[in-house]
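Engineer: Pasting a structure below so you can have a look.
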Amino acid sequence: MLKSLPLALLAATPALSWDGFGHQTVGYIAQKYFTSETNATLGAIIGLNPEFDIGDAAAWADTVRDGANLPWSKNWHFINPKGDDPNNHICTMNYTLDCPGSNCIVAAIMNQTSILLDTARDSIARRNATMWLLHFFGDLHQPMHTSGYKLGGNAVRPVCWDQAAPCPGGTRNLHAIWDSAIPRKLRGMPEETTDAEEKIAAIQWAGDIFAKQQAESLDIATGVCSDLHGPGCVLAYAAESNRLVCSNALKDGEAWVLSHDLSKGYYEENAMVVEDRVGKAGVRLAAWMNAVVRVLAAKEREEDL
Ligand SMILES: *[C@@H]1O[C@H](CO)[C@@H](O)[C@H](O)[C@H]1NC(C)=O
Ligand SMILES: *[C@@H]1O[C@H](CO)[C@@H](O)[C@H](O)[C@H]1NC(C)=O
Ligand SMILES: *[C@@H]1O[C@H](CO)[C@@H](O)[C@H](O)[C@H]1NC(C)=O
Ligand SMILES: *[C@@H]1O[C@H](CO)[C@@H](O)[C@H](O)[C@H]1NC(C)=O
């Protein structure tokens with residue numbers, strides 16, 4: 001989680017993925033759509049409690065991917081399609097080509113789903129698997145996590161934010177704009193926040209998104225897919241995110257992005273896209289987890305016979 005890091009350091013570090021509070025928000029939204037059985041089953045597997053709730057569990061993966069912890073999980077947070085050329089309006093995904101060695105977010109979701117479904121696995125592996133799934137559905141819906149263009153936008157820099165363009169010496173990159181700057185501005189959050197502030201912000205954002213989904217009686221089931229057998233559903237979600245790179249994130253190409261203050265019109269155009277992605281991630285994560293828990297429950301009934 002990004003807490004009191006100085007801004008310069010924060011910007012110099014490769015971006016993490018939706019800000020800690022973005023991931024927490026996805027977790028809180030999903031919980032609202034869990035069946036009570038899903039809520040109870042996952043709560044028990046993770047060992048949720050008021051000090052470590054579903055939001056914290058959804059943000060966990062970013063706390064273990066660097067340094068000496070579980071660095072091999074780094075590549076699990078994204079897919080980098082090689083054919084992406086947004087400057088020429090080409091956004092395209094080919095699983096065979098773009099997930100070499102099955103070392104990408106799509107394969108990670110499938111593998112961790114298998115581990116969670118395998119009751120013979122040890123409880124730590126299944127706990128981690130659950131928390132990875134809570135996290136990766138968030139990343140999967142962040143367009144820059146599904147783009148091969150310049151390392152998912154990490155190398156599109158310096159971009160200007162609240163600063164006249166161009167901004168030589170600026171330290172921000174496009175990836176971080178989507179992870180953090182847009183959601184933080186949307187929710188009126190300052191650059192630096194404590195863990196406690198992020199949690200409060202996430203609970204509120206989840207509540208607002210859920211209320212909006214209900215009030216607009218959005219057909220939130222549209223596009224929801226929970227066939228656990230192959231990567232089809234997950235690939236479709238990834239491809240949908242990837243298309244947003246061409247339609248939104250790099251709509252007018254890199255040169256445009258580098259020559260505008262992104263906190264102005266660009267922010268206005270994309271703030272609701274970000275909110276929609278966070279909302280969809282929560283709904284789809286819940287559908288996936290509900291499907292997993294149905295399979296687990298059926299297995300248990302078989303064992304009881
Ligand atoms: C889900 O589980 C959490 C504990 O992990 C609990 O606080 C919450 O009330 C439960 N929600 C529902 C709808 O059962
Ligand atoms: C995807 O990439 C593989 C490997 O390069 C290639 O054989 C296949 O034809 C590609 N599929 C499509 C739909 O382009
Ligand atoms: C998924 O599992 C396959 C088969 O065991 C393995 O080759 C691959 O590296 C795994 N990928 C991830 C991201 O876990
Ligand atoms: C699970 O995550 C913990 C860190 O929280 C790590 O120490 C452990 O090795 C992981 N185990 C597996 C099987 O992923």
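Engineer: Summing -39500 (n - 2.57) over the DSSP H runs of n ≥ 4 in the chain and dividing by its residue number, what mean residue ellipticity at 222 nm do you reach, to the nearest 500 deg cm²/dmol?
Structural biologist: Here the helix-only value at 222 nm equals -16500 deg cm²/dmol.
Engineer: Another one. Find, to one decimal place in angstroms, the Kirkwood hydrodynamic radius of the range 216-268, where the mean of 1/r is taken over every pair of different Cα atoms and then inverted.
Structural biologist: 13.7
Engineer: Near the amide H of Asp261, under 5 Å away, which other amide H atoms are found, from residues 5 or more places off or on another chain, if H is placed in the peptide plane?
Structural biologist: Ala165
Engineer: How big is the Cα convex hull of the range 203-305 in projection, averaged over all directions, in nm²?
Structural biologist: Reported value for the Cα convex hull: 9.3 nm².
Engineer: Are there any trypsin sites (Lys or Arg not before Pro) in the range 82-173 that are in a DSSP loop and have at most 16 other Cβ atoms within 10 Å? List them by number.
Structural biologist: Listed in order of number, the matching sites are Lys82, Arg121.
Engineer: Same structure again: Within 10 Å, at most 11 other Cβ atoms, and a DSSP state outside H, G, I, E, B define an exposed site. Report the longest part of the chain free of exposed GluC sites (Glu not before Pro).
Structural biologist: Longest gap between qualifying sites, sites excluded: 52-215.
Engineer: Something else: Between their Cα atoms, which of Lys32/Lys82; Lys185/Lys280; Lys32/Lys185; Lys150/Lys185; Lys82/Lys212; Lys212/Lys251 are more than 30 Å away from each other?
Structural biologist: Long pairs (Cα-Cα over 30 Å): Lys32/Lys82; Lys82/Lys212.
Engineer: In whole Hz, what ³J(HN,Hα) sequence does the range 283-294 give by Karplus (6.51, -1.76, 1.60; θ = phi - 60°), x for Gly and Pro?
Structural biologist: Each residue's phi maps through the Karplus curve to give 4, 6, 4, 4, 4, 5, 5, 4, 5, 4, 5, 4 Hz.
Engineer: Now for a separate question. Taking just the C-alpha trace of the chain, give me its Rg and Dmax in Å.
Structural biologist: Cα radius of gyration and Dmax of the chain are 18.7, 69 Å respectively.
Engineer: Please list the non-local residues whose amide H lies under 5 Å from the amide H of Thr92, H modeled 1.01 Å from N, same-chain partners needing a gap of 5 or more.
Structural biologist: When sequence neighbours closer than 5 places are left aside, the close amide H contacts are Asp84, Asp85.
Engineer: Running Debye on the range 142-243 with equal point scatterers at the Cα sites and no solvent, what base-10 log of I(q)/I(0) appears at q = 0.11, 0.19 Å⁻¹?
Structural biologist: With no solvent term, the Cα-only Debye profile gives -0.52, -1.15.
Engineer: Could you tell me the center-to-center distance, by alpha carbons, between the range 131-195 and the range 48-81 in angstrom?
Structural biologist: Answer, in whole Å: 17.
Engineer: Right, something else. Normalising by the residue count of the range 203-305, find the relative contact order in percent from Cα pairs under 8 Å and 6+ residues apart.
Structural biologist: In percent, rounded to a whole number, it is 46.
Engineer: List every residue whose amide H lies under 5 Å from the amide H of Thr193, counting only residues 5 or more places away in sequence or on a different chain, with H placed 1.01 Å from N in the peptide plane.
Structural biologist: none
Engineer: In whole percent, what relative contact order does the range 14-154 give with Cα contacts below 8 Å and a gap of six or more residues?
Structural biologist: Over the range 14-154, the number comes to 32 percent.
Engineer: Please sort by residue number the chymotrypsin sites (Phe, Trp or Tyr not before Pro) in the range 258-305 whose DSSP state is loop and whose Cβ has at most 10 other Cβ atoms within 10 Å.
Structural biologist: Hits after loop and neighbour filter: nothing returned.
Throughout, read-outs are computed from the coordinates displayed, never taken from laboratory work. Here the structure is a predicted model, which is why all the values come from computation and not from measurement. Ideal geometry is used to build each Cβ from the backbone, glycine not excepted, and the neighbour counts take in all protein chains shown.
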